[in-house]
Amino acid sequence: MALLSATSLWCCFKVPASGPASSSCWYPQGIHFSSVNAAASIQMALAAEGDTKTTKTKSGGGIRGKLNKVVLAYSGGLDTSVIVPWLRENYDCEVVCFTADVGQGVGEMEGLEAKAKASGASQLVIKDLKEEFVKEYVFPCLRAGAIYERKYLLGTSMARPVIAKAMVDVAREVGADAVSHGCTGKGNDQGDILEDPANEPKKDMYVMTVDPEEAPEEPEYVEIGIVSGIPVSINGKELSPANLLAVLNELGGRHGIGRVDMVENRLVGMKSRGVYETPGGTILTAAVRELESLTLDRESMQAKDNIALKYAELVYAGRWFDPLRESMDAFMEKITETTTGAVTLKLYKGSLSVASRRSQYSLYRQDISSFEEGSGIYNQADAAGFIRLYGLPIRVRAMLQSGL
């Protein structure tokens, strides 16, 4: 199966050259962005199988050669509509359009089939990936605490592998010998006044969250139930992964939660300014982190945080199926076995604060932590010897410097 790269430009989940900002919400807005950006994962998936060479023919075939059937990552926008006839002309092939539903909204799907066929495609295949996306990609990243460069919750990056995997599956189902995408090797969101980090984001850029200044005057409390680092319920009601996230996206958006404006370092070496909205993801990230403050000891927490940095880097770089990430995921699953309980958060005008946290596996003991006389496990007299030993390296160095 070959991988064709069509000569067309695509948008990313960044501040665009014009119009409202696209957003990453752990349900990317606009599948056409994600399906195209899946190219890196598709390329890795197909590399092991080897590419099929296209050959020019003297009679029959297209300008560049001959293929039987190509699956195209499709959005219905101008670029993908142009790519369909381009593929037919250049490769004399049947074009099957593919669109993945990862929660971007019903409106994005309306009229796609008619538009695809009008462009010359033989059919449009739409796959509902919402539950798989959240359960198999979002929640493992959440459990791992994977955040890229202190801010980015990896919404777009997590969507790429699930879309790429589904696209290859469709190619096999329809008997295609190639898949096609239209992303550039750089990204095309540079330019325009919005790209300048010195400029404040415009208010009309946001599509999921209200302006925190216009959010409700009264705070709202929400309880997140968590089992082994994975969210399972909201206010005591168990929900499927996709439904749980959808509810929190609406709730967080209503209170202006989850806006991120950042300058990030891209894999190809340049810096890029991006504006994201991740209301549900922001709530869940805070909840899991607060629960871990009860269930993880110091060394475990520090080790987990260190590994999470590399985990996030791998996901951002399109290396979801890398053995290293999978091995790290096994560690995350083990280390969060006891991260079970509930966290209540207070949402108010763009801010999150913890109101309550509890766990049956809590390592916090009030009888030990209290300044009052406790259970006898901790004796304050022990502190003198501990301080003497803990400060010994510094004391020895000071003695050396003083000539003692």
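Here are the numbers for this structure:
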item: Filtered residues of the stretch 74-128 (kept if part of a helix (DSSP H, G or I) and aliphatic (A, V, I, L, M)); result: LEU78, VAL82, ILE83, VAL84, LEU87, VAL106, LEU112, ALA114, ALA116, ALA118
item: Pair list, Cβ < 9 Å and 6+ apart or interchain, from the stretch 174-185 residues that are under 7 Å from VAL70 (Cα atoms) and open to solvent by 10 Å² or more (accessible area, probe 1.4 Å) to residues that are at pLDDT 90 or above and of a type in the set (Lys, Arg); result: ALA176/LYS69; ASP177/LYS69
item: Positions within the stretch 360-382 being out of contact with any Phe, Trp or Tyr (no Cβ under 7 Å at 6 or more places or on another chain), at pLDDT below 85 and either among the hydrophobic types (A, V, I, L, M, F, W, C) or more than 30 Å from THR338 (Cβ to Cβ) (or both), in sequence order; result: PHE371, ILE377, ALA381
item: Matching option when the condition is touching an Asp or Glu at 6+ places or on another chain (Cβ under 7 Å) and surrounded by fewer than 22 Cβ atoms within 10 Å (Cβ to Cβ), among ALA317, ALA308, ALA242, ALA303; result: ALA242
item: Checklist (1) at pLDDT below 95; (2) out of contact with any Leu (no Cβ under 9 Å at 6 or more places or on another chain) applied to THR99, failing item; result: (2)
item: Test result for LYS349, charged (D, E, K, R) and on the phi > 0 side of the Ramachandran plot; result: yes
item: THR278 vs. criteria touching a Cys at 6+ places or on another chain (Cβ under 9 Å), within 22 Å of GLY225 (Cα to Cα) and buried (at least 19 other Cβ atoms within 10 Å of the Cβ); result: yes
item: Odd one out for VAL227, checked against (1) farther than 16 Å from GLY145 by Cα; (2) touching a residue at least 60 places away in the same chain (Cβ under 8 Å); result: (1)
item: Selection count where residues are modelled with pLDDT under 95, within 16 Å of the chain's Cα centre (by Cα) and either among the aliphatic types (A, V, I, L, M) or assigned to a strand (DSSP E or B) (or both), scope the stretch 266-291; result: 5
item: Sole residue being of a type outside the set (Ser, Thr, Tyr), open to solvent by 60 Å² or more (accessible area, probe 1.4 Å) and closer than 30 Å to PRO216 by Cβ, chosen from ARG395, ARG388, ARG357; result: ARG357
item: Residue within the stretch 154-163 that is charged (D, E, K, R) and at pLDDT 95 or above present; result: no
item: Of residues in the stretch 88-119 being among the acidic types (Asp, Glu) and without any contact (Cβ under 8 Å) to a residue 60 or more places away in the chain, the one surrounded by the fewest Cβ atoms within 10 Å (Cβ to Cβ); result: GLU110
item: Breaking point among (1) open to solvent by less than 40 Å² (accessible area, probe 1.4 Å); (2) over 22 Å from LYS165 (Cβ atoms); (3) in contact with a Ser or Thr (Cβ under 8 Å, 6 or more places away or on another chain); (4) modelled with pLDDT of 90 or more, for GLY65; result: (4)
item: Residue list for the stretch 253-265, restricted to those being assigned to a helix (DSSP H, G or I) and closer than 25 Å to LEU129 by Cα; result: GLY253
item: Selection count, the stretch 42-62, where residues are open to solvent by less than 60 Å² (accessible area, probe 1.4 Å) and either modelled with pLDDT of 95 or more or in contact with a Gly (Cβ under 7 Å, 6 or more places away or on another chain) (or both); result: 1
item: Check on MET399, under 22 Å from the mean Cα position of the chain (by Cα), in a helix (DSSP H, G or I) and either modelled with pLDDT of 95 or more or over 30 Å from VAL162 (Cα atoms) (or both); result: no
item: Counted residues, the stretch 320-348 - those being open to solvent by 30 Å² or more (accessible area, probe 1.4 Å) and in contact with a Pro (Cβ under 7 Å, 6 or more places away or on another chain); result: 3
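To keep it simple, each residue is scored yes or no on (1) at pLDDT 95 or above; (2) over 28 Å from GLY341 (Cα atoms); (3) within 18 Å of the chain's Cα centre (by Cα); (4) part of a strand (DSSP E or B).
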{"residue": "GLU213", "(1), (2), (3), (4)": "yes, yes, no, no"}
{"residue": "VAL232", "(1), (2), (3), (4)": "yes, no, no, yes"}
{"residue": "LEU244", "(1), (2), (3), (4)": "yes, no, yes, no"}
{"residue": "LEU251", "(1), (2), (3), (4)": "yes, no, no, no"}
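The values are calculated or read from the model by the stated rules, or taken from the named source; none is laboratory data. If you're wondering where the values come from, they're calculated on a predicted model, not measured in any experiment. Cβ coordinates were reconstructed from backbone atoms using ideal geometry, including for glycine residues, and neighbour counts include every protein chain displayed. Side chains included, ligands, DNA and RNA excluded: accessible areas come from the protein's heavy atoms. Shrake-Rupley method; radii C 1.70, N 1.55, O 1.52, S 1.80 Å.
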